[in-house]
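Peer 1: Take a look at the following structure, please.
The values are calculated or read from the model by the stated rules, or taken from the named source; none is laboratory data. Nothing here was measured: the structure is a model prediction, and the numbers come from that model. Don't worry about glycine lacking a Cβ; one is built from the backbone with ideal geometry, like all the others, and counts go over all protein chains shown. Accessible surface areas use protein heavy atoms only, side chains included; no ligands, DNA or RNA. Shrake-Rupley method; radii C 1.70, N 1.55, O 1.52, S 1.80 Å.
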Amino acid sequence: QVQLVESGGGLVQAGGSLRLSCAASGTIFSINNMGWYRQAPGNQREPVAVISSSGRTNYADSAKGRFTISRDNAKNSVYLQMNSLKPEDTLVYYCYARVMTKSWGLGDDYWGQGTQVTVSS
């Protein structure tokens, strides 16, 4: 099995910064895309930023220019540096990874447990 463990959420004032971290562990052959999603109560989970195994990145419009996603393939980890945080960024953030546990197949999607980010005005 595969587990994703997140850390780094918390409370910050508007304009401040936070760095989220997520490490994957378990039976891992390789990891394709990794990313961060966020969700408000009662709403669908929405993508924030995604990074491929080669380092190609994609950002939601709300994250462009403020957030930076990165990964360390040797550590099976993904990070989200969040700057210039706004009160509307207050949500639960989830780590995501498409993990291959075998040398063949398309892999499976795994999610972290979620970490709360709260931005006060």
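Peer 1: Looking at the stretch 47-68, which of its residues are touching a strand residue (DSSP E or B) at 6+ places or on another chain (Cβ under 6 Å) and over 13 Å from ALA97 (Cα atoms)? Walk me through it before giving the result.
Peer 2: Our first condition is that a residue be touching a strand residue (DSSP E or B) at 6+ places or on another chain (Cβ under 6 Å); within the stretch 47-68, this holds for 47-53, 57-60, 63, 67-68.
Selection gives VAL48, THR57, ASN58, TYR59, ALA60, ALA63, PHE67, THR68.
Peer 1: Let me ask another. For the stretch 1-37, what are the residues that are touching a helix residue (DSSP H, G or I) at 6+ places or on another chain (Cβ under 8 Å) and over 16 Å from VAL99 (Cβ atoms)?
Peer 2: Initially, the stretch 1-37 is screened for residues touching a helix residue (DSSP H, G or I) at 6+ places or on another chain (Cβ under 8 Å), giving 14, 23, 31.
Of everything in the stretch 1-37, just one residue is touching a helix residue (DSSP H, G or I) at 6+ places or on another chain (Cβ under 8 Å) and over 16 Å from VAL99 (Cβ atoms), namely ALA14.
Peer 1: Specify the residue that is most open to solvent (accessible area, probe 1.4 Å); the eligible residues are those in the stretch 72-100 that are polar (S, T, N, Q) and not in a strand (DSSP E or B). If you could, list the steps in order and put the result at the bottom.
Peer 2: Initial filter on the stretch 72-100 (polar (S, T, N, Q)): 73, 76-77, 81, 83-84, 90.
Filter again for not in a strand (DSSP E or B), leaving 73, 76, 83-84, 90.
Working: ASN73: 84, ASN76: 47, ASN83: 57, SER84: 63, THR90: 49 Å².
It comes out as ASN73.
Peer 1: Okay, moving on. For the stretch 5-22, give me each residue that is within 21 Å of TYR59 (Cβ to Cβ), under 17 Å from the mean Cα position of the chain (by Cα) and open to solvent by 40 Å² or more (accessible area, probe 1.4 Å).
Peer 2: Let us first name the residues in the stretch 5-22 that are within 21 Å of TYR59 (Cβ to Cβ), namely 6, 8-9, 12, 14-22.
Still in the list and also under 17 Å from the mean Cα position of the chain (by Cα): 6, 8-9, 17-22.
Those that are within 21 Å of TYR59 (Cβ to Cβ), under 17 Å from the mean Cα position of the chain (by Cα) and open to solvent by 40 Å² or more (accessible area, probe 1.4 Å): SER17, ARG19.
Peer 1: Still on this structure: Please work out if SER121 is in contact with a Pro (Cβ under 8 Å, 6 or more places away or on another chain), modelled with pLDDT under 95 and more than 21 Å from GLY55 (Cβ to Cβ). Give the derivation first.
Peer 2: Details: in contact with a Pro (Cβ under 8 Å, 6 or more places away or on another chain): yes; modelled with pLDDT under 95: yes; more than 21 Å from GLY55 (Cβ to Cβ): yes.
Yes, satisfied.
Yes/no per residue for (1) open to solvent by less than 60 Å² (accessible area, probe 1.4 Å); (2) free of Cβ contacts under 8 Å to residues at least 40 places away in the same chain; (3) assigned to a strand (DSSP E or B):
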residue	(1), (2), (3)
ALA24	yes, no, yes
ASN32	yes, no, yes
VAL48	yes, no, yes
SER70	yes, yes, yes
GLN116	no, no, yes
VAL119	yes, no, yes
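Peer 1: Give just the number: which of (1) more than 14 Å from the chain's Cα centre (by Cα); (2) polar (S, T, N, Q); (3) open to solvent by less than 60 Å² (accessible area, probe 1.4 Å) does SER103 not satisfy?
Peer 2: Here SER103 meets the rest and fails (3).
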